[in-house]
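Comments concern the structure below.
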Amino acid sequence: QVQLVESGGGLVQPGGSLRLSCAASRNIFECYVMGWHRQAPGKQRELVATRTNGGTINYADAVKGRFTISRDTAKNTVYLQMNSLKAEDTAVYYCNVVTSEGSYWGQGTQVTVSS
């Protein structure tokens, strides 16, 4: 079992930045994949960015060049740095990890991009 606690969401103007954090309850070296997904109102949940334990990183086309996923193994935390935010980035952002025991999700954090 892995508990995930997200933080860092909020209201930001277009063009602004936010950094999301996801703190895991266990050693993230045990996670095959860590990543972020998002779900906008009336839409399906979609992948934003993932990072494998081996260092392979994948981004959705919509966020390439603007978002950066990273991790701090000492803090068992994964981050999502979001720059040049757009109104269409508005969504609930969820942290996800995959281990040998299964897939786990955080409770989500709201990101709203609006002037």
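The values are calculated or read from the model by the stated rules, or taken from the named source; none is laboratory data. All of these numbers come straight from a predicted model, not from anything done at the bench. All Cβ positions, even for glycine, are placed from backbone atoms using ideal geometry, and neighbour counts span all protein chains on display. The accessibility values were calculated without ligands, DNA or RNA, using every heavy atom of the protein model including side chains. Shrake-Rupley method; radii C 1.70, N 1.55, O 1.52, S 1.80 Å.
Filter the range 57-91 down to the residues that are under 15 Å from Gly9 (Cβ atoms) and part of a helix (DSSP H, G or I) and list them by number.
If the condition is that a residue be under 15 Å from Gly9 (Cβ atoms) and part of a helix (DSSP H, G or I), then Asp89 is the only one that fits.
How many residues does the range 17-36 contain that are assigned to a strand (DSSP E or B), open to solvent by 70 Å² or more (accessible area, probe 1.4 Å) and under 22 Å from Val98 (Cβ atoms)?
Residues flagged as assigned to a strand (DSSP E or B), open to solvent by 70 Å² or more (accessible area, probe 1.4 Å) and under 22 Å from Val98 (Cβ atoms) within the range 17-36 amount to 1.
Could you figure out which of (1) open to solvent by less than 60 Å² (accessible area, probe 1.4 Å); (2) at pLDDT below 95; (3) out of contact with any helix residue (DSSP H, G or I) (no Cβ under 8 Å at 6 or more places or on another chain) isn't true of Tyr79?
Here Tyr79 meets the rest and fails (2).
Exactly one condition in (1) open to solvent by 20 Å² or more (accessible area, probe 1.4 Å); (2) in contact with a Leu (Cβ under 9 Å, 6 or more places away or on another chain) is false for Phe67; which is it?
(1)
Determine which single condition Ala87 fails, assuming it passes every other condition in (1) among the hydrophobic types (A, V, I, L, M, F, W, C); (2) touching a residue at least 40 places away in the same chain (Cβ under 8 Å); (3) surrounded by 14 or more Cβ atoms within 10 Å (Cβ to Cβ).
Unmet for Ala87, out of (1) among the hydrophobic types (A, V, I, L, M, F, W, C); (2) touching a residue at least 40 places away in the same chain (Cβ under 8 Å); (3) surrounded by 14 or more Cβ atoms within 10 Å (Cβ to Cβ): (3).
From the set of residues in the range 91-100 that are over 13 Å from the mean Cα position of the chain (by Cα) and among the hydroxyl-bearing types (Ser, Thr, Tyr), which is most open to solvent (accessible area, probe 1.4 Å)?
Ser100
Taking Pro14 as meeting all but one of (1) at pLDDT below 95; (2) open to solvent by 20 Å² or more (accessible area, probe 1.4 Å); (3) not aliphatic (A, V, I, L, M), write down the number of the exception.
(1)
Enumerate the pairs (first residue in the range 1-21 and in contact (Cβ under 8 Å) with a residue 60 or more places away in the chain; second residue anywhere and open to solvent by less than 30 Å² (accessible area, probe 1.4 Å) and of a type in the set (Gly, Ala, Ser)) with beta-carbon separation below 6 Å, excluding pairs fewer than 6 apart on the same chain, so at least 6 apart or on different chains.
Val2/Ala24; Leu4/Ala24; Leu4/Gly106; Glu6/Gly106; Ser7/Ser21; Gly8/Ser21
Scan (1) surrounded by 12 or more Cβ atoms within 10 Å (Cβ to Cβ); (2) touching a Ser or Thr at 6+ places or on another chain (Cβ under 6 Å); (3) within 23 Å of Gly102 (Cβ to Cβ) for the single condition Val48 breaks and write down its number.
Going through (1) surrounded by 12 or more Cβ atoms within 10 Å (Cβ to Cβ); (2) touching a Ser or Thr at 6+ places or on another chain (Cβ under 6 Å); (3) within 23 Å of Gly102 (Cβ to Cβ) one by one, Val48 breaks only (2).
Surrounded by 14 or more Cβ atoms within 10 Å (Cβ to Cβ) and farther than 23 Å from Asn83 by Cβ, is that true of Val5?
Working: surrounded by 14 or more Cβ atoms within 10 Å (Cβ to Cβ): yes; farther than 23 Å from Asn83 by Cβ: yes.
Answer is yes for this residue.
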